[in-house]
Amino acid sequence: GDSPSASGAAGGSGAGAPVNFQSIPGNKKITLRWQSIPGSATAGYEVYRGLNPNGPFAMLGQTDKTEYHDQNVDNNVQYYYKVRAYDKLSRLSDYTPVASCRTDLAPNPPIILKTEGRSKSILIVWAPNPSKCADPSPLAGYKIYRAGEEDGPYQEVNKLRISDLTDSGDGKIYYRATGLPDGQTYFYRLAAFNEKGIESEFSHAVKGATLPVVGSINISNNLIREVKLSWAAIPSPFIVAYNIYRSVKSDGDFAKIKRIIVSDAGTRYEYSDVEGLGDKIKYYYTITAEDDLKTETSPSAAAVVVTRDIPPQPEKFAARSNLVKKVELTWQAAAQAEVEGYYIFWSKEKSGQYQLLKKISGRENNRHLDESRGFEQLEDGKTYYYMLTAYNKVDAQSKQAQASATTKPRPQKPGGLKGTALRVKEVPLTWQANPEKDVSLYFIYRAAGDSDSFANVGQASASLYTDANLKDGSTYRYRIQAKDNDGLLSDFSDVITVATKPRPRPPENLQGRYESEKAQLSWTPNKEADISHYIVYEKKFMGAEKIAETKTAYYSDSAIVQGKNKNYVVSAVDKSGLESNVSAELAVSAK
């Protein structure tokens, strides 16, 4: 027979030996378990047994499992075991250390009732074996073995003592394996052990699986401040909710934005995220499944999406100038269906504060007439500045298009107003014609003397006007105003002052005497240079009667009746025909 030391030196390949070799006593059998050599491609194992720790050892058999049941054993006999591995080329490993064991009465194996997979955990439920057991030793606990495949190899993952278990009240035993990876399938087998440490045979293998992560997320791209998510439900009765997380980074800072309660009939879930999203921003979304223990799976693979940019800037925005007290705004109607309308803003300064003028609903609109600010019209000759934006369903606005226009100015203040003074009962006025081609009318305003109360006395279509039927020797003030074809009025011209020709002064120093049967009258000649003649009147009770005209300051009246008195007054008449007031009255006595 081979000894452990001799076999390791003579027969080994130098590849090491199987690890964690252990012998487990049972009722009329001994179970051997081990683990494969790390990093080696093992084809199978040779199992050796002896009655002495130093041999001799005989091969019991070969197996490709990491477990061997020796059922050819006698009670109360101590056996010694060792194992070595071989590969496909029949190269042998070192032996394991020798393990000893003897048969003994063992507990019956427990019965696994079920497993329940949840987020990162699996619940195992089992019951003690109801069959009568020959083992007189009290049951001490259970060992939990786990494998990735049903055929093993199984490894011990936990040892539970009866004293550590809580009474569930239903005769069942519950154990939850936690901290497990998502979507991982395991196979579990249990063994009972007694106070001596004697272990039962394995129970039947039962499969359990943790909940998987949520699969691929379907996501709608390029929506307006909205992201639509959909995903397939995970088929499990223990999922109570799905949690949606969002971030603007691909590698962290994910924040929970929504918890969606699971519905009974839901095989596919949808969610529309509209909270706090921006324009043309990349977002990352992950989803977790939450079980009834409030434990979440790991996040799904991140789905990335970019929201829609703001609407496109309106094109061909123009403002029409030279309209009367209004500005016509035009633009090209947006072709994009996302545009729901337009905002128009205005300012009196290009770089000033812009205020909302009008919100226009309807993508098809392409014109607006700006003609008032509340109850007031636009000013004449004023430049207005405008900005136009397009907006979408969330009121996100495009970049501004800009335009400006100037309303039609009022006509210029007329200039060059002149009046001809000292005309008889009239004032001829002339002025410079306005430069505007559509000035069609001028209004003439007059005030008497120093009064500021001007009244409209006439209008002219040309740049001249004669104000007639005026008082003699009166002073008048004039100003004019231009009006164009659209009814816009200029400021008033500068004011001029013009006087009409005065009547001659009444003759002074009227004297007379009766001589040679005539009344001889004389007076001081008037100082006005354009005196044409004088009129002599006889003053009577009911008025004055014209007697004669004379070009000199002298008159001889032979019609005076001897013995009577006759009263005379004299007036002066200039070459324009203006007659003065009469002189002081003079009485001549023909006695």
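The values are calculated or read from the model by the stated rules, or taken from the named source; none is laboratory data. Everything quoted here is computed from the prediction, not taken from an experiment. Reconstructed Cβ throughout: ideal geometry from the backbone, glycine too, with neighbour counts over all protein chains shown.
Identify, please: which residue in the range 212-270 is among the charged types (D, E, K, R) and over 19 Å from Glu290 (Cβ atoms) and is, among those, farthest from the chain's Cα centre (by Cα)?
Looking at the filtered set, the residue picked out is Asp251.
I'm trying to understand the selection: among the residues of the range 580-590, which are closer than 17 Å to Gly543 by Cα and surrounded by fewer than 16 Cβ atoms within 10 Å (Cβ to Cβ)?
Across the range 580-590, the qualifying residues are Asn581, Ala584, Glu585, Ala587.
Which of the strands (runs of 3 or more DSSP E) contained wholly in the range 270-372 include at least 1 residues that are touching a Pro at 6+ places or on another chain (Cβ under 9 Å) and either acidic (Asp, Glu) or assigned by TED's automatic domain parsing to the domain that holds Lys249 (or both)?
Details: elements: 282-291, 303-306, 315-320, 327-332, 341-347, 355-361, 367-370.
Qualifying strands (runs of 3 or more DSSP E): 282-291.
Is it the case, given these coordinates, that Leu277 is out of contact with any strand residue (DSSP E or B) (no Cβ under 6 Å at 6 or more places or on another chain) and within 30 Å of Leu488 (Cβ to Cβ)?
Criteria not met by Leu277.
Might you check whether a residue that is in a loop (DSSP other than H, G, I, E, B) and farther than 28 Å from Ala192 by Cα occurs anywhere in the range 55-76?
Yes, the range 55-76 contains a residue that is in a loop (DSSP other than H, G, I, E, B) and farther than 28 Å from Ala192 by Cα.
Read through the list (1) in contact with a Pro (Cβ under 6 Å, 6 or more places away or on another chain); (2) of a type outside the set (D, E, K, R); (3) in a strand (DSSP E or B), then give the number of the only condition that Gly183 fails.
The number of the failed condition is (3).
Among the numbered criteria (1) closer than 30 Å to Pro130 by Cα; (2) free of Cβ contacts under 8 Å to residues at least 12 places away in the same chain; (3) not β-branched (Val, Ile, Thr), which single criterion is violated by Pro235?
Evaluating Pro235 over (1) closer than 30 Å to Pro130 by Cα; (2) free of Cβ contacts under 8 Å to residues at least 12 places away in the same chain; (3) not β-branched (Val, Ile, Thr) leaves (1) as the failure.
Out of all the residues in the range 528-582, which are closer than 24 Å to Leu422 by Cα, of a type in the set (Lys, Arg) and without any contact (Cβ under 8 Å) to a residue 40 or more places away in the chain?
Lys551
Scan the range 424-450 for residues that are assigned to a loop (DSSP other than H, G, I, E, B) and farther than 13 Å from Asn485 by Cβ and jot them down.
Val424, Lys425, Glu426, Trp431, Gln432, Ala433, Pro435, Gly449, Asp450
Just one of (1) in contact (Cβ under 8 Å) with a residue 24 or more places away in the chain; (2) closer than 20 Å to Ala548 by Cβ trips up Arg446, so point out which.
(2)
Yes or no: Ala232 in contact with a strand residue (DSSP E or B) (Cβ under 9 Å, 6 or more places away or on another chain), more than 21 Å from Tyr284 (Cβ to Cβ) and among the aliphatic types (A, V, I, L, M)?
When the stated conditions are applied, Ala232 does not pass them.
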